[in-house]
Amino acid sequence: MSDLGLSSEPCRLLLVDDVAADAELIVAELRRAGLAFTSQWVQNAAELRHALHHFLPDVVLSDHSLPQFSGQDALRMVQAERPQTPVVIVTGSLDEETAADYIKSGAVDYVVKQRLHRLGPAVRRALALRQTEDQLRRTTEFMTLAQSVVHIGTWEWDMAKDVVTWSDETYRIFGVAPTGQHMSVDAYLGLIHPEDRDVVKDAVGRALETREPFEIDHRIIRPDGDLRFLYGRGAIVSDSAGRPARLIGAVLDITNRKQAEEALRRANDRLQGVIQSSPLAILSLDAEGIVQMWNPAAERLFGWTAAHAMGRPLPVAPDDDEEEFRSARRRVMQGESLTGVELIQKKQDGTTVSVNLFAAPLHDADGHVTGMLALFEDVSGVKRLEQQFFQAQKMEAVGRLAGGVAHDFNNLLTAILGSAELLLEMLPPDDPGREEANEIQKAALRAAALTQQLLAFSRQQVLAPRVLSLNEAVATAEKLLQRLIGEDVDLRTVLADDLGAVRADPGQLEQVIVNLAVNARDAMPAGGKLTIETANVTLDEAHVQARSVVVPGRYVMLAVSDTGQGMDAATQARLFEPFFTTKPKGKGTGLGLAMVYGIVKQSGGYIWVYSERDRGTAFKIYLPRVDAPVESAPPHAVAPGSLRGSETILVVEDQEEVRSVIRRMLEGRGYRVLVAAGGHEALRLGSELETSQTIDLLVTDVVMPLMSGREVALLLGPAFPKMRVLYLSGYTDESIVHHGMLEPGIAFLQKPFSAQALAGKVREALDAPRDAQEGPA
């Protein structure tokens, strides 16, 4: 069979005949015709059915007339059991009508036994038909499978018959079950999305008119309501006369692609929304540094608009930092991602801004780096906060040091002043030693003034605050200022009429004004203008962002400004540090502004300085505004008639030289004095006193090792209920003072003090009404 292009394997022939001689005759004829085959002979329906399923014939040769079984029966059984197998009728006699019936029923041929020479060609034709049908079937199966894999369906419209034929995949794409009937054009159009029907009709109409193929994207609505996106192509097939006869084409389900495109579009919209609303400056750069994206935050941060920046080289790297930025860009272009690289960048107005750079490379489809995406975080505020924090830490540390130094100095100065005063009391008026004693006293008083300034800076002085108007403090200080600043300085005051009240120590505020005015005078050696201004202000969130330590709210401002030499940034950074001064040696202690800073801070306020070289300086002080009426100044205490007495006084002081001079001061004025170096010794002395003896006054240092003065008073109180207490200290702590203010009813004397001051305070404590001092508790 190789001459027919068929398989060289022997074919399988199934003979259905009730006469063995006829079957043998057929086999002989086929061998004579040169066919290579194997055969099996069956005589009835049961044997035929068995052979169809086990012998698997390629061709069935059936007799027409069989006992209880006809050729038509055999043909129907073959078609039912193995529909692909061709049947050839071989019979002794067959009229034309019966032969035609066999062909109509599906037989491929018939051969009369008297003409068996036609049998070989008939079998070959049957085998060729079988092979053709197999190939067609395989091709159809392949096309169907291919269409289902790539989701491409085919269709054909026979215009003459108005019949549309769909492939299986087309039915699947449209969600329609095949019914065995042809699809109509109207039924097809009914599945098109209403908004797209005219698009499809127009495309087909143009194809019919121009004879050109068409392609369109359109939507369909499946019977179950599912919306799908299709890509369709079609072409005209003309008849022999050139008239359009058929329209053939294919459809591809592109729903997934459309959904992916829509998802990508939405994601891109969201990304653009994030980029446009991001507080971070976001921009992208080809490899040459040309700006391709520039969001609103970049406009706000750097000052250049997107229209100015895009399409041009990145403009933000200043000359002295350009190489650092180029180095960062090179690293990104080599594929590296950067996180938090600190840079200084240039703004449109020429100023600079501190930023953190986050950058990542951009790649093309082949993975090559084509540019970079850069995010700039403005850390100027963070840097400013860090500087403010470090400055506050430094000032706090210096304040603690200054307070400790002042405490130790005040103890020494108490002993020096007291000893000098006692010496002056003992020396006759004409004694030459009085002059030396006076000099010692003067020097000690100057040192005491310095320690007082240190205490003011460290916020450890005792205040006597009241509700007052800053205008009152300015008016009081103004009387003194004109004598201090000289005639070549023009003093002006601009005071608000409706100024709110503040709670502060008036004496300390006057000292602040005087110190600032003297500082301004020194900055204007050739004269100038000094302005003191008051106003009501509100510090809002903008001030908080600029200066993190500020609490938003209502304040009263005191501004002292001059037209003097001004200061650079380095000087301003250290302006309030104690002992820092720009004046020549011997012309200033460097404590004036430090004291101003401490008083303002202890009063709950803020002080800021604004200055430029040769443009003058302005100090602005903000104190919290209070909603309370202004309080009158308390009456001056009436000095005791006599500074002497005979009461018993217990002095508790851990510094021996201070303890000794206090004892001598009090004994010299007639008092009986007991002394203790600490709390435990004081308690022991109290317990050793006889029942008839008492302690009228406890004079105790506040800050001592192991036991504070307040604790000594509390522990001695039950044994001596009528005992009064006078506290002494070189600086305050929270045991008797809160936020710089004494607790009510507390008698307190600041070190260093004179013998006169101590005697007056002792007498005042002893003579005070019972409700004026609450006693040791």
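Structure summary
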{"quantity": "FRET efficiency for Glu323 and Glu261, using Cβ-Cβ distance with R0 set to 41 Å, rounded to 0.05", "calculated": "0.40"}
{"quantity": "5 angstrom amide H check on Tyr671, placed H, neighbours 5+ away", "calculated": "Gly645"}
{"quantity": "Vicinal HN-Hα couplings computed from phi for segment 696-708 (Karplus, 6.51 cos²θ - 1.76 cosθ + 1.60; Hz; Gly/Pro x)", "calculated": "7, 8, 9, 9, 9, 5, 7, 9, 9, x, 6, 8, 6"}
{"quantity": "Virtual spin-label span in nm between Ala100 and Leu689, 7 Å along Cα→Cβ", "calculated": "15.4 nm"}
{"quantity": "Accessible area, probe 1.4 Å, largest first, for residues Ile662, Ile236", "calculated": "Ile236, Ile662"}
{"quantity": "Karplus-derived 3J(HN,Hα), 6.51/-1.76/1.60, for each residue of segment 171-177, Hz, glycine and proline x", "calculated": "4, 4, 4, 7, x, 10, 7"}
{"quantity": "Per-peptide average of other Cβ atoms within 10 Å, ordering 183-195, 609-621 highest first", "calculated": "609-621, 183-195"}
{"quantity": "Amide proton proximity set for Val489, modelled H, under 5 Å, gap of 5+", "calculated": "Gly528"}
{"quantity": "Pairs from Lys479/Lys751; Lys347/Lys383; Lys161/Lys201; Lys442/Lys529; Lys346/Lys620 whose Cα-Cα separation, in the structure shown, is over 28 Å", "calculated": "Lys479/Lys751; Lys442/Lys529; Lys346/Lys620"}
{"quantity": "Estimated inter-spin distance, Ser354 and Ala573, nm [label 7 Å along Cα→Cβ]", "calculated": "1.0 nm"}
{"quantity": "Environment charge of Arg82, counting only residues whose C-beta is closer than 11 Å and scoring Lys/Arg +1, Asp/Glu -1", "calculated": "0"}
{"quantity": "Accessible carbon and sulfur surface of segment 1-116 relative to its total accessible area, %, 1.4 Å", "calculated": "48 percent"}
{"quantity": "Net charge of neighbours whose Cβ lies under 10 Å from the Cβ of Val474, counting Lys and Arg as +1 and Asp and Glu as -1", "calculated": "-4"}
{"quantity": "Most to least packed among 705-718, 211-224 [average Cβ atoms within 10 Å]", "calculated": "705-718, 211-224"}
{"quantity": "Area of Thr538 that stays accessible when all protein chains are in place (1.4 Å probe, Å², to 10)", "calculated": "90 Å²"}
{"quantity": "All aspartates and glutamates inside 14 Å of Lys722 as judged from Cα atoms, apart from same-chain residues fewer than 8 positions distant", "calculated": "Glu647, Asp696, Asp767, Asp771, Glu774"}
{"quantity": "Positive minus negative residues near Asn536 (Lys, Arg vs Asp, Glu; Cβ under 11 Å)", "calculated": "0"}
{"quantity": "Cα gyration tensor, segment 221-379 - rounded (a/c under 1.5), prolate or oblate", "calculated": "prolate"}
{"quantity": "In Å², nearest 10: area of Thr339 left accessible to a 1.4 Å probe", "calculated": "110 Å²"}
{"quantity": "Inter-centroid distance (Cα atoms) of segment 248-278 relative to segment 60-119, Å", "calculated": "63 Å"}
{"quantity": "Amide hydrogen neighbours beyond the local backbone of Phe37, cut-off 5 Å, H modeled", "calculated": "Cys11"}
{"quantity": "Tensor-based shape of segment 9-55 (alpha-carbon gyration tensor, a/c under 1.5 rounded, otherwise prolate or oblate)", "calculated": "oblate"}
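The values are calculated or read from the model by the stated rules, or taken from the named source; none is laboratory data. Computed from a prediction, not measured in an experiment: that's the story for all the values here. Neighbour counts run over all protein chains shown; Cβ positions are idealised from the backbone, glycine included. What goes into the accessible areas is simple: the full protein's heavy atoms, side chains included, and nothing from ligands, DNA or RNA. Shrake-Rupley method; radii C 1.70, N 1.55, O 1.52, S 1.80 Å.
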